[in-house]
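Working notes, beginning with the structure itself.
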Amino acid sequence: MKLKQLLIAVGTLAIVSFSQSAIASEGHGPALKHAEIDVTDQAQIRRGLTVFTDVCMGCHSATYVTYKGLMDYPEIGLSREEVDELRGDSAITDGMRTDLSPEDAEASYGKVPPDLSLIVPARRGGANYVYSLMTGFVHDPDGKVPEGNYNEYFVGNRIAMPDPLAWLDHEPEDTAELERDAQDVSAFLAFIADPHQNERRALGCWVMGFLLLLTLVLWRLKVEVWKDVKKH
């Protein structure tokens with residue numbers, strides 16, 4: 001019995017140690033950059049949509065966002081004509097899908113690129129991680145990773161996604177524009193991950209205001225009731 005307990009204790013300790021080392025290795029690397037995003041800013045979200053469709057959608061999909069949603073969500077608010085031009089032969093109720101087939105993706109990159117509909121809440125750091133990743137391509141200091149596949153913010157540094165914005169070796173005068181593109185697409189991805197977040201926050205403010213007013217009314221009612229009780 002004691003041997004069994006000892007083996008269980010050793011196994012548990014090994015699992016805990018492995019988990020801690022895995023967490024530590026995940027967090028290794030430079031601190032994430034701060035993405036200046038505003039999920040209520042229609043102009044920024046629309047610019048992010050453009051970056052997504054022109055750059056990211058060559059490999060990635062966002063299947064949880066329909067073309068109809070691009071019209072219905074006021075934070076995007078595209079016209080029917082703009083959506084029709086964007087969707088091509090896809091139905092208006094279809095999600096935003098890349099034309100890159102899984103087979104071609106695996107042949108080109110070794111894996112199928114992930115759907116980006118929920119990438120922001122799925123990654124520690126959220127929009128900051130996306131922004132940092134987009135602008136984190138550098139030359140491999142050891143010269144082992146092919147150019148455009150070494151990213152200082154990606155776990156292990158070697159990333160299958162090639163440098164999407166051509167950040168590596170860009171001209172200094174292009175830095176501000178590339179950073180804005182990275183922040184804009186981060187804002188777009190942060191919005192589509194929870195497209196009702198602004199509506200929910202606005203509703204929450206009304207609810208909190210109502211509860212505050214109700215609390216005040218009930219407090220005054222309590223004061224009046226107990227005032228009569230104390231007299232007797």
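The values are calculated or read from the model by the stated rules, or taken from the named source; none is laboratory data. Predicted model only: the values in this text are computed from it and were never measured. Cβ placement follows ideal geometry from the backbone for every residue including glycine, while neighbour counts extend to all protein chains displayed.
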**Request:** May I ask you to say which residue of LEU211, LEU178 is surrounded by fewer than 17 Cβ atoms within 10 Å (Cβ to Cβ), assigned to a helix (DSSP H, G or I) and in contact (Cβ under 8 Å) with a residue 24 or more places away in the chain?
**Result:** LEU178
**Asked** Looking at (1) modelled with pLDDT of 95 or more; (2) in a loop (DSSP other than H, G, I, E, B); (3) more than 30 Å from ILE76 (Cβ to Cβ), which is the only condition HIS170 fails?
**Response** (3)
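Are there helices (runs of 4 or more DSSP H) fully within segment 70-147 with at least 1 residues that are surrounded by fewer than 19 Cβ atoms within 10 Å (Cβ to Cβ)? List them. Show your work before the answer.
Working: elements: 80-87, 102-109, 119-122, 127-134.
Qualifying helices (runs of 4 or more DSSP H): 80-87, 102-109, 119-122.
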